[in-house]
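Here's the structure we're looking at; comments come further down.
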Amino acid sequence: MLRAATVILRKDLRLRLRDRSVLLFAFVVPLALTFVFSQLFPTQEDFELTAGVVDLDGGEVAAGFTDGVVPALVADGLVDATTFGDEAAARAALEDGEIAAAWILPPGLSDGVAAGDGGDILVLVNPDRALSVEVARGIAEGYRAELDRISLVVATTATAAQGALSTQQLEEIAGLAAAQAPTVTTTELIAADQQLDPTSYLAAGMAVFFLFFTVTFGITGFLEERQQGTLHRLLAAPIGIGTVHLGKAMGAFVLGIVSMTVLAIASATLLGASWGDPVGVAVLIVAGVISALGVMAFVGSFARTAEQAGNLQSIVALVFGLAGGVFFPVGAGFLGQLALFSPHGWFLRGLGDLVGSDHWTVVLPAAGALVAFGVVFAVPGALRMRRATA
Amino acid sequence: MSELLRCVGLERSFGELKAVQGVSLSVDVGETYGLLGPNGAGKTTCISMIAGLLEPDAGTVTVAGQRMGPRASAAKSEVGLVPQELAIYPDLSARENLDFFARLYGLVSGRRKQRVDEVLEVIGLTDRAGDRAGTYSGGMKRRLNIGIGMLHEPRLLILDEPTVGVDPQSRNAILESVETLATDGMGVLYTTHYMEEAERLCDRIGIIDQGTLVAEGSRRDLVGMIGEQDVVRLKTVGDVAAAEAACAVVDGVTSTDVEQDTVVCLVDEAAPRLPALLAAVGTTDADVSGVEVREPDLEDVFLHLTGKALRD
């Protein structure tokens, strides 16, 4: 069975190598898109947020932001900050395009924190500058978390002093706590909840996105055999339908593995992407290819022609890719939860875990999820195809 | 002669459609057996069961003593199939197509290359062996289609309407190839709806209609089933349908059919019936513009057995 399946595999690979579209989908397009997107989306090194700061509070806590956090970000080269006297001036600068975002520290911020009620920073944004918006929001969100911590410190101190401290003294404590607050780091801002740098994220995202197109050639190949009449000829030979399926699956598997491996090496050497420990990457690639095969076999089982299969598989690959966040990091919110329903999301999560760890075994949960995806879809897909061929 | 293929009581349905009903036939070593019937008669379904592509609902197929079925590798190795539709890879060359199927049938390296070269020679594609099959003419593709079927030297070669859509020159080449194979000792099962091909190639012929084998035998046996009848062909001008209806009720006429502007009548004896036939046509809006009387052929046998013509 394996000998005959290998014969089919070799023939398919020969045909696919003559079919330029496979080379495009498997290698050229993902690498080119990674390059283009990496130029469009700046990396941490060359990104700078032009932002305005409006201090309407004037207290110790606001000063912790204007004199502590912002200067630190300016020193890091991440933010180019301008101070405005009021909100209207900041809005005007925003509308003129002079700044991409503005932080408004509202009146009573310090009092609220001193009273143990926490506080918030208003963020004005230019929605056309998506990355700047995300970074400005991230900074505000990071400082808001600090304000909650400071409020907790103040409330605890006030409770311990049993009313012996004046409001001014509590504000001073809040100011001290604010001054000691750790600055908001740029890693948290740009990389959100994953550790892959933008180029590596894009390279991995594009690779796994196009993997789902690359393996479809195995499934559509089976339907092409049926359409061009060669399937009957194969089945008249001393082999079973299972051998034909195995040969096709092996072809798709080999193409997928080669495609992912080439993209990982090429993106690392040409674009400077960092995929992490090679063993962990290899495990994730194999698991990713298994998941792609299973999902696409299932989807392909609903098609009667290769064209139908190609269309259905493209839709599913696109939906899973978007849900999995192959084009942009999905963070930890609703989109992050949604990504768990996509093999693409698990693949990227696995790579993120790998980059942030010293040992390749951290990819095993993600790899397990990917294999589970493959098996759950492949079993009914194979049964459906078998029934359709009988 | 020893029996190579034996089919007993084959039946196969697709939903409500009974495609094949109780077909039994056999092919001996070195014999060419023709399965003759119009399109949709059940020929391809029979072939599919014999080649192991379809499991029969009932009945058995035995090839060289081995039971045939979708998982019967040993029996499948004894059979070469030439499907009705072209079954080649257009993006592979003739040599690559042949080499792929040779590997699939397990031909080992040296023997594989030898057989590929031999088959290329037989099908006349040696000079174009390295060109992509998609660039071949229709006849060349047909020849490659047949070459793949005979590549592994099967004991039984099944050809399912191999000359459909083929130019006369290529068609003649294909028929000559089949004649050669049979003289080399290969059993051939040949389906066609071209009566002249069956008459030229086949030692025995089975006539199939609506999934049932209605008659079987040599050409002489089958024509003998009609008895001492003659075929009268009346070429007409005018209402040919009315002319046929008038002829059908003439004494001694056993069956009639219309081919374009000609009424075809099967009659007990042509000479005494001819005046009555001409008179019958004269009562209609049609005129007779030509008369032909000849001995019956397989086409007429089919007409006699099924009441309809053997054509698309």
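What average count of beta carbons from other chains do you get within 10 Å of the Cβ of residues in B:74-80?
Whole-number average of other-chain Cβ neighbours for B:74-80 is 2.
Per residue of A:4-15, how many C-beta atoms from partner chains lie within 10 Å of its own C-beta, taken as a mean?
3
Considering only the other residues whose Cβ falls under 12 Å of the Cβ of residue B:181, what net charge follows from Lys and Arg at +1 and Asp and Glu at -1?
Net of charged neighbours comes to -4.
Charges on Cβ only, +1 for Lys and Arg, -1 for Asp and Glu, centred on the Cα centroid of chain B; of B:17, B:138, B:52, which one is farthest towards the dipole's positive end?
Most positive-ward Cα: B:52.
Which lysines, on any chain, are close to residue A:248 with Cα under 24 Å apart, when same-chain ones fewer than 8 places away are left out?
Excluding near neighbours in sequence, the set is A:11, B:76.
Could you tell me how far the Cα centroid of the stretch B:251-312 sits from the Cα centroid of the stretch B:229-248, in Å?
6 Å
Relative to the compact-globule scaling 2.2 N^0.38 Å, provide the ratio for the alpha-carbon radius of gyration of the protein assembly as shown.
My calculation over the Cα atoms of the protein assembly as shown gives 1.50.
Could you put A:318, A:2 in order, starting from the residue whose Cβ has the fewest other Cβ atoms within 10 Å?
So the ranking, lowest neighbour count to highest, is A:2, A:318.
Once the dipole of the stretch A:1-133 is set up with Lys and Arg at +1 and Asp and Glu at -1 on Cβ about the Cα centre, which of A:104, A:125, A:13 lies farthest towards its positive end?
A:13
Listed highest first by mean packing, meaning other Cβ atoms within 10 Å per residue, what order do A:294-304, A:89-99 come in?
A:294-304, A:89-99
What ranking of B:196, A:60 emerges when the number of other C-beta atoms within 10 Å of each C-beta is taken as an exposure proxy, fewest first?
Going from least to most buried by this count: B:196, A:60.
Aspartates and glutamates near residue B:18 by alpha-carbon distance under 16 Å, same-chain residues fewer than 8 away left out - which ones?
Leaving aside aspartates and glutamates fewer than 8 places away in the same chain, those within reach of residue B:18 are B:55, B:57, B:209.
Where the only charges are on Cβ atoms (+1 Lys, Arg; -1 Asp, Glu), what is the dipole of the stretch B:72-159 about its Cα centre, to the nearest 20 debye?
120 debye
Would you calculate a helix-derived [θ] at 222 nm for chain B, using -39,500 (n - 2.57) for each DSSP H run of n ≥ 4 and dividing by the full residue count, to the nearest 500?
For chain B, the value works out to -10500 deg cm²/dmol.
For residue A:131 and residue A:87 in the same chain, what is the full-extension length gain: residue separation times 0.36 nm, less their Cα-Cα distance, in nm?
Result: 13.6 nm gained on full extension.
Using the crude model of +1 on Lys and Arg Cβ and -1 on Asp and Glu Cβ, and no other charge, please compute the dipole size for the stretch B:1-155 relative to its Cα centre, in debye to 20.
Dipole size: approximately 220 debye.
About its Cα centre, how strong a charge dipole does the protein assembly as shown have in debye, to the nearest 20, once Lys and Arg get +1 and Asp and Glu get -1 at the Cβ?
So the magnitude is around 2780 debye.
Lys/Arg Cβ at +1, Asp/Glu Cβ at -1, dipole of the protein assembly as shown taken about the Cα centre: which of B:88, A:39, B:34 is farthest positive-ward?
Of the listed residues, the answer is B:34.
How do B:186, A:1, A:260 rank when sorted from fewest to most other Cβ atoms within 10 Å of their own Cβ?
A:1, B:186, A:260
Using the alpha-carbon centroid of each, what span in Å lies between the stretch B:7-56 and the stretch A:288-317?
Cα centroid of the stretch B:7-56 versus Cα centroid of the stretch A:288-317: 35 Å apart.
Which whole number gives the average, over all residues in A:236-248, of C-beta atoms from other chains lying within 10 Å of the residue C-beta?
The shielding value for this peptide is 5.
Just so you know, all these numbers are worked out from the coordinates, no wet-lab data involved. For clarity, every value in this text was computed on a predicted model and none was experimentally measured. Counting neighbours? That spans all protein chains shown, and the Cβs are built from the backbone with ideal geometry, glycine included.
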